[in-house]
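Novice: Once you've had a glance at the structure underneath, I'll fire off some questions.
The values are calculated or read from the model by the stated rules, or taken from the named source; none is laboratory data. As the structure is a prediction and not an experimental result, all values here were calculated from the model. A quick note on method: Cβ atoms are made from the backbone with ideal geometry, for glycine too, and the neighbour counts reach across all protein chains shown. Just so you know, the surface numbers come from the protein's heavy atoms only, side chains and all, with ligands and any DNA or RNA stripped out. Shrake-Rupley method; radii C 1.70, N 1.55, O 1.52, S 1.80 Å.
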Amino acid sequence: MEEQPHMSTSPESNETAQSVSAEPATAFDLVLRGEQMLTTAGIVAREIGIRDGRVTAIEPLGSGLQGAEVIELASNQVMIPGLVDTHVHVNEPGRTEWEGFESATKAAAAGGVTTLIDMPLNSIPSTVTVEALNIKRRAAAGKTYIDVGFWGGAIPGNEGDLRGLHDEGVFGFKCFLLHSGVDEFPHLTADEMEADMAELAKYDSLMIVHAEDSRAIDHAPTAEGNQYANFLASRPRGAENVAVAEVIERARWTGARAHILHLSSSDALPMIASARRDGVKLTVETCPHYLTLLAEEIPNGATAYKCCPPIREASNRELLWQGLLDGTIDCIVSDHSPSTVDLKDVEGGDFGVAWGGVASLQLGLSLIWTEAKRRGIGLPQVMEWMSAKPAALAGLTNKGRIALGCDADFAIFEPDSAQVVDVRNLHHKNPISPYDGRALAGVVTGTWLRGQKVDFENPRGRMLRRGDV
C-alpha cells in the first residue's frame, strides 16, 4: 500500500515521550505513535497497536489508532525492538553473590534487553541434567523482569542427559574445549564434542562452543603479574584459531549445527567464511568488549578488562567490524560474566589470579551504538546484530522484531543523548566494569515486555522453552 501523507503527532518538546489517556472502550491495550519506529521496514513514521501482549497493527502515522493507553514519542526518540542477549551468566543458584536473576534481569531491562538466555555454568549445580535445570528454574521463579531461557551444558559423561534436556526446552548445549574456569563444568576433547554433536544432530539441536584449544594454551606463556601484554600472550590467537577449525570440521562431519561463542580472533574469519560457503551449519557471535576496547589502551593491573578470549589489538578490532558488515559474524551479545570485586583482584592487579569476565549487560546497546555511530553504521543494522539475529539463533520467532504477531517487546531509545557510565548506578550486583567513567552515546529511557512497561518493582518475565511461540 502506498504510504499516505500524514501530520506528525510528536509533541513540540524533544525531551520525553508523553503518555495520554484514552476512552476505556478502545481497540488496543496500547498504541504508540512516532516519527521514528524501527520496524522491519526500517525507521519509519508509524502507529503501532498492541493487544494481549502482541503487535496487532502497524499503520502510517496519522491513522488514528486508539488505545487504552497512548504513547507519543518525541522527535528525538526511536521505538526499537527489545534486544535479545543469548550469552549471559546469571550464576544463580550457587554463586548468586556474583549476580542473580533479579539483578541481572533488572540490568538487562535498563539496557533495553527483553530476552536473555542463561549460560549453564557458574551456577551450582551446572545445567547438565534435567534435575539441575529444574533447580535453576525454581531459583528464577518470581524474580525475572524480562523473559529468560536456558542453555544446557555438554560435559564428559552426560551424553545420556542431552535428549532429556532438549525435550525440557533448553535452546542448545554449551561446551568448552579447555578448562571452563570452574571445576563443576569440565571441558570436552574434540572427539567428545564430535560425539555429542552427532547426538544433537539427531534432533537438530545446537552446539555452542567456547573455542580455545587447551593444548595451545598449555604451551603459551603464563599470565601471572600485572602486565596486560603477558596476559594477552597467554591466550594467543592461535589457540582460538585451532579450536575454531576443530568446531568447523566436526560440524562438517556430523552435519550438526554449531555456533562459535565470543569470537575475538579475526584470523579465524576466512576459514569461517569458507566453511559457510561449503554448507557447514555454522554461526558466530562477538561481544561489545572486542568491538569497543583495545589491548593497546588497557592499563597494566586493570583486571576489570580480563576476559577469555582476551581483548586484542586495534587492527584485530577493525577486522571484527568488517566481519560483521560482510555477514561472517552474525550477532553481538554481551557475554556478561560478572564476579565479586575481590575475585577480580583489583588491589593486586594480577591477571593470572583475577576472574576472567566482563560485566556489560546493561550497557551493550549504548556501547555498540557509540562505536557504530562513529563508523557511520545505522541503528537498524545495530538492532539486526543485537536483536533479530540473536533471536533467530535461539529460534525465538516471536522476538527480536517489531512486526505483526510478534511479542510487544520494545524499548524507547534516544540515540543522540549521552551518558557517562557510573558502575555504582548500574543494576549489576557488583560495581566493577571496564566501562566505568566511559562516555557513551544513546540512552534507553524505558523498556516494555509484552506491552507492559518494566517498572523494576513487579517481575513479569516468563521462563522460555525452545519452541515457544
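Novice: If you scale each eigenvalue of the Cα gyration tensor by 5 and take the root, what three semi-axes come out for the chain, rounded to whole angstrom and sorted largest first?
Specialist: Largest first, the chain gives 37, 24, 21 Å.
Novice: Step through the residues of segment 212-229 one at a time and calculate ³J(HN,Hα) from phi using the Karplus curve (6.51 cos²θ - 1.76 cosθ + 1.60, θ = phi - 60°), rounding each to whole Hz and writing x for Gly and Pro.
Specialist: Working through the residues one at a time gives 9, 8, 5, 5, 5, 5, 4, 8, 7, x, 7, 9, 4, x, 9, 8, 4, 4 Hz.
Novice: What are the ³J(HN,Hα) couplings of segment 109-122, residue after residue, when phi is run through the Karplus curve with 6.51, -1.76, 1.60 and θ = phi - 60°? Round to Hz, x for glycine and proline.
Specialist: Computed from phi, the couplings for segment 109-122 are 4, 5, x, x, 8, 10, 9, 10, 10, 7, 6, x, 10, 6 Hz.
Novice: Determine ³J(HN,Hα), in whole Hz, for all residues of segment 39-47 in sequence, where each value follows from phi through the Karplus function 6.51 cos²θ - 1.76 cosθ + 1.60 and θ = phi - 60°; x replaces Gly and Pro.
Specialist: In residue order, the calculated couplings are 9, 5, 8, x, 8, 9, 7, 8, 10 Hz.
Novice: Can I ask one more? May I ask which of 106/453; 136/281; 344/373 have a Cα-Cα span longer than 20 Å here?
Specialist: Violating the 20 Å limit, Cα to Cα: 136/281; 344/373.
Novice: Roughly what would the spin-label model give for residue 183 and residue 346, points 7 Å off Cα along C-beta, in nm?
Specialist: Those two pseudo-labels are separated by 2.8 nm.
Novice: Long-range amide H contacts for residue 90: which residues qualify at under 5 Å (H placed 1.01 Å from N, peptide plane, sequence gap of 5 or more or a different chain)?
Specialist: Hits under the 5 Å cutoff: 119.
Novice: Within the P(r) computed for segment 164-287, what percentage of the Cα pairs occupies the region above 20 Å?
Specialist: 45
Novice: Okay, next question. Which angle between 0 and 90 degrees, to the nearest 10, do you get for helix 190-201 versus the longest principal axis of the chain when only C-alpha atoms count?
Specialist: Roughly 40 degrees between the two axes.
Novice: Which residues in segment 407-446 have a backbone N closer than 19 Å to a point placed 7 Å from the Cα of residue 468 along the Cα-to-Cβ line?
Specialist: Of the residues in segment 407-446, 407-411 have backbone N under 19 Å from the label point off residue 468.
Novice: At 222 nm, what value in deg cm²/dmol follows for the chain if DSSP H runs of at least 4 each add -39500 (n - 2.57) and the sum is divided by all its residues, to the nearest 500?
Specialist: -7000 deg cm²/dmol
Novice: Another one. Give the relative contact order (percent, whole number) for segment 28-75; include only Cα pairs under 8 Å separated by 6+ residues.
Specialist: Reported as a whole number, the value is 46 percent.
Novice: At each listed q (0.15, 0.17 Å⁻¹), what is the log10 of I(q)/I(0) that the Debye formula gives for segment 278-409 modelled as equal alpha-carbon point scatterers?
Specialist: Treating every Cα as an identical point scatterer, log10 I(q)/I(0) equals -0.80, -0.97.
Novice: Around residue 174, which amide H atoms from residues at least 5 apart in sequence, or from another chain, sit under 5 Å from its own amide H, with H modelled in the peptide plane?
Specialist: 152, 153, 154, 208
Novice: Still on this structure, I have one more. Please list, in chain and number order, the residues 5+ apart from residue 129 or on another chain whose amide H is under 5 Å from its amide H, with Hs placed from the backbone.
Specialist: Long-range HN contacts for residue 129: none found.
Novice: Please give the per residue accessible area of the chain, computed with a probe of 1.4 Å over protein heavy atoms only, in Å².
Specialist: It amounts to 37 Å² per residue over the chain.
Novice: By how many nm would the segment from residue 318 to residue 219 lengthen if fully extended, with 0.36 nm per residue of separation less the alpha-carbon distance?
Specialist: Difference between extended and current length: 32.9 nm.
Novice: Right, here's the next one. Equivalent ellipsoid semi-axes for segment 28-75, as square roots of 5 times the alpha carbon gyration tensor eigenvalues: give them largest first, rounded to whole Å.
Specialist: Here the semi-axes work out to 16, 12, 9 Å.
Novice: Computed from the mean reciprocal separation of all distinct C-alpha pairs, what Kirkwood hydrodynamic radius does segment 12-161 have, in Å?
Specialist: Kirkwood hydrodynamic radius for segment 12-161: 17.9 Å.
Novice: What's the extension gain from residue 326 to residue 195 if we count 0.36 nm per residue and subtract their Cα-Cα distance?
Specialist: 44.0 nm
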